[in-house]
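To start, the structure itself, in structure tokens.
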Amino acid sequence: MVWLNIVLNRLVWLVPTLLGLLAIVFVLSRVVPIDPARLAAGDNASPEQVAAVRHSLGFDRPLPEQFLRYVAAVARGDFGTSLFTQQPIADDLAARLPATLELTLVAIVLAAAIGIPLGVVCGLRRNSWLDHVLRVVTVSGLAVASFWFAMQLQFLFSMKLAWLPLSGQIEGFPPEHVTGLMIVDALLTGDTEALRSAVRHIVLPAITLALPAAATVVRFTRNGVIGVISSPSVAYQTAMGYPRRLIVWKYVLRMAVTATVTQLGLIFGILLAGAVVVETVFDWPGIGAYAVRSILQSDYNAIMGFTLWAGAIFVAVNLLVDLLQAAIDPRGAR
Amino acid sequence: MLRRFARDRAAMLGAVLIGLLVLAAVFAPWLAPHPEDVWQFHTPRRLLPPGPGGLFGTDRMGGDVFSRILFGARITLSLSVIAVGSAVLIGVPVGLVAGYFRGWFSDLLMRFAEIFLAVPQIVLAIAIAQTLGPSIQNVILALSITYWPFWARLVYAETRSLRNEVFIESAVALGASPLRVMVLHVLPNIASPIIVRTSIGMGATILTAATLGFLGLGAPPPTPEWGRMIAESREYLPDAWWYALAPGMAIFLTVLGFNLLGDGLRDILDPRTRRSAGQGGGGGGGGGGGDE
């Protein structure tokens, strides 16, 4: 019942939240001094042609009517057409989703693989030199501007050392399309050259995204471990003479990592919708770079489509986190 | 309290870094070796490496990077103080009212705030800044609109948990007006988390502002904005390696200062959450580091 309540509560608010989000972005995008019809018609269009385009795109109707028409179309699954790629927005987003998903997954795995062990060690050896060093590193990792960090990585590893490619997702022919994820496809089809290229391309952007994520993971894991270690249950187990190793591996870790898992879920959501700058700097053909380009080019339908995508991800991730927390700690569920 | 703060070396470092930033901003015209370089071109001196010509080298127009960094501190500081200040001025009253009263209006306020939290902050800021056009004022506006819900949500939660305390009930029972209770009884008791949040929010705001500058949505050139300086340096890599180094480090040290100060203040002001579950969400592409 608790679970059902959480799901229902979130779903009831899903539609108003997304509608509100759309309304805000819609109003924002229509008060711009740039004429979208002129953009769509092209530079050489005559005033009559611009007017014709404006009429055919519906930009000459009152704002509320435009908004209602848009929402009605979205409800039918029609997100409109990009003014620039001339493709349906849904197709554009779908075509870019695998690249973003691949980058996000690699970054999250990196962040967890680095962050969780370090966080556990820091929590177990509180105030050791490692703990102090990592505290400095994690605080720093959250203070670095990601675009600058990305550029420094490009400078060092691509330009100076020439170890890794500067930008893009792959060189030469991509592997045969199976899942859309380059690395997975290359593995499945046994295309070693594509695999090599795809892995080399993903290293730098993944590290850029993983740095702040790993810093967050270390902090949460450390605090989780400290919280559990100083709890009465661990004091009891220690008093009962359980070996420390058993206590740590069997009880402390499992309880301590729950907060970290929640955090990883939130980061996953943020990266799926918000890795915009890193994707732009590395020319990564994902949704984030698409969003930035759409915004800079005033591609309204694309901006609205991305907004819907980001909002839906946000609601889904929060729902997931709520459910996770209800599973971990039923007391918190309302 | 002050003594505890002085003993927290990390928080002290944060305070020192912010102090340096303020000094640089206030005394930029006197500290800068070439204050005229902010507006003038010296093409013969362009792209010189660090050395006698300048501490951090010169940029594509021959401007002294060190001087421009100092003047950039003015922009960063004023921009973030005004943006965070307005976010606090909007967010705190909204959170207070929504937390104090119960009913559909409170729900509506918070749902409205939540809408702004439903997209990555950086995306919202980029969209607003792009819509309004590139200028410092519009960056400030974009950042305030983007970040006010964080304070609204915090103050709402804190006010809700205080609402049923006995001292609030007795104030109400004595006939105090809602405004009086909110301002004189609730607000002083939730000041600590607001202050901590504001310090860390400054860091997040500065990162986002730099990102906007980097994307060309900030002040137009030749304004010495740090993010824009980094963007300008891109086409001169790998030869002019120093060009991006100094502005990047300036952003880093500034944000680090506010984050360290926020952590330290939390330890002192809010013993419940001693360097724990507070800060998080730093995973975003360029400045997601501001949510809880």
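The values are calculated or read from the model by the stated rules, or taken from the named source; none is laboratory data. Note that this is a predicted model, so its numbers are computed, not measured. Backbone-built Cβ (ideal geometry, glycine too); neighbour counts: all protein chains shown. Areas reflect the complete protein model, heavy atoms only, side chains present, ligands, DNA and RNA absent. Shrake-Rupley method; radii C 1.70, N 1.55, O 1.52, S 1.80 Å.
Can you give me the accessible area per residue for region B:2-273, using a 1.4 Å probe, in Å²?
Accessible area per residue: 42 Å².
Can you work out the FRET efficiency for the pair A:Arg254 and A:Leu8, with r the C-beta to C-beta distance and R0 = 30 Å, to the nearest 0.05?
Computed FRET efficiency for A:Arg254 and A:Leu8: 0.50.
Across peptide A:65-78, what mean number of C-beta atoms from other chains lies inside 10 Å of a residue's C-beta?
Mean number of neighbouring Cβ atoms from other chains: 0.
What residues of region A:272-287 lose no less than 30 Å² of accessible area with every protein chain in place versus their chain by itself (probe 1.4 Å, heavy atoms only)?
A:Gly274, A:Val276, A:Val277, A:Val281
Average partner chain C-beta neighbours within 10 Å, per residue of B:151-158?
0
Normalised by the number of residues in region B:2-273, what is the relative contact order in percent for Cα pairs under 8 Å and 6+ residues apart?
Relative CO of region B:2-273 lands at 26 percent.
If R₀ is 56 angstrom, what is the calculated FRET efficiency for the pair A:Arg244 and A:Ser56, using the beta carbon separation as r and rounding to 0.05?
Taking R0 as 56 Å, the efficiency between A:Arg244 and A:Ser56 is 0.15.
What does the structure give for A:260-267 when I average, per residue, the other chain Cβ atoms found within 10 Å of the residue Cβ?
Per-residue shielding by partner chains comes out at 2.
Under a 5 Å amide H to amide H cut-off, with H placed in plane at 1.01 Å, what residues pair with A:Thr81 once short-range neighbours are removed?
A:Ile89
Could you tell me what percent of the accessible area of region A:142-192 is made up of carbon and sulfur, with a 1.4 Å probe and every protein chain present?
So the carbon and sulfur contribution to the accessible surface is 64 percent.
Using only Cα atoms, figure out Rg for region B:2-273 and give it as a multiple of 2.2 N^0.38 Å.
Cα-based Rg divided by the globular estimate yields 1.17.
What share of Cα pairs, in percent, lie more than 33 angstrom apart in chain A?
Of all Cα-Cα distances in chain A, 43 percent exceed 33 Å.
I need the phi-derived Karplus couplings for region B:187-204: 6.51 cos²θ - 1.76 cosθ + 1.60, θ = phi - 60°, integer Hz, Gly and Pro marked x.
Running phi through 6.51 cos²θ - 1.76 cosθ + 1.60 with θ = phi - 60° gives 4, x, 7, 10, 5, 4, x, 5, 5, 4, 4, 5, 4, 5, x, 4, x, 4 Hz.
Mind checking the per residue accessible area of region A:99-284 for me, 1.4 Å probe, whole number of Å²?
For region A:99-284, the solvent-accessible area averages 45 Å² per residue.
List every residue whose amide H lies under 5 Å from the amide H of B:Thr58, counting only residues 5 or more places away in sequence or on a different chain, with H placed 1.01 Å from N in the peptide plane.
Excluding prolines and chain starts, which carry no amide H, the hits are B:Leu47, B:Leu48, B:Val65.
With every protein chain present, what accessible area does B:Val94 have (1.4 Å probe, heavy atoms only), rounded to the nearest 10 Å²?
30 Å²
Divide by every residue of chain A the summed helix terms, -39500 (n - 2.57) for each DSSP H run of at least 4, and state the resulting mean residue ellipticity at 222 nm, rounded to the nearest 500 deg cm²/dmol.
Here the helix-only value at 222 nm equals -24000 deg cm²/dmol.
Leaving ligands, DNA and RNA out of it, rank B:Glu158, A:Glu171 by accessible area with a 1.4 Å probe, largest first.
Largest accessible area first, the residues go A:Glu171, B:Glu158.
Would you calculate the separation in nanometres between label points at B:Asp239 and A:Phe84, each defined as 7 Å from the Cα along the Cα-to-beta-carbon direction?
My value for the distance between the label points is 3.0 nm.
Under a 5 Å amide H to amide H cut-off, with H placed in plane at 1.01 Å, what residues pair with B:His34 once short-range neighbours are removed?
Under 5 Å from the amide H of B:His34: B:Ser67.
Assuming R0 = 56 Å, can you tell me the calculated FRET efficiency for the pair A:Ser230 and B:Leu55, based on Cβ-Cβ distance, to the nearest 0.05?
With a Förster radius of 56 Å, E is 0.70.
Can you give me the % of accessible surface on region B:2-273 that is carbon or sulfur? Probe 1.4 Å, all protein chains present, nothing else counted.
Whole-percent figure for carbon plus sulfur exposure: 69.
Go through region B:13-29 residue by residue and turn each phi into a ³J(HN,Hα) via Karplus (6.51, -1.76, 1.60, θ = phi - 60°); whole Hz please, and just put x for glycine and proline.
Coupling constants for region B:13-29: 4, x, 4, 5, 4, 5, x, 4, 4, 5, 4, 4, 5, 5, 9, 3, x Hz.
Give me a comma-separated list of calculated 3J(HN,Hα) values for region A:211-225, in order, Karplus coefficients 6.51, -1.76, 1.60 applied at θ = phi - 60°, integers in Hz, x for any Gly or Pro.
4, x, 5, 5, 4, 5, 4, 4, 4, 5, 5, 4, 5, x, 4
Only four residue types carry charge here, +1 at the Cβ of Lys and Arg and -1 at the Cβ of Asp and Glu. Report the dipole size of region B:156-249 about the Cα centre in Debye, rounded to the nearest 20.
It works out to roughly 320 debye.
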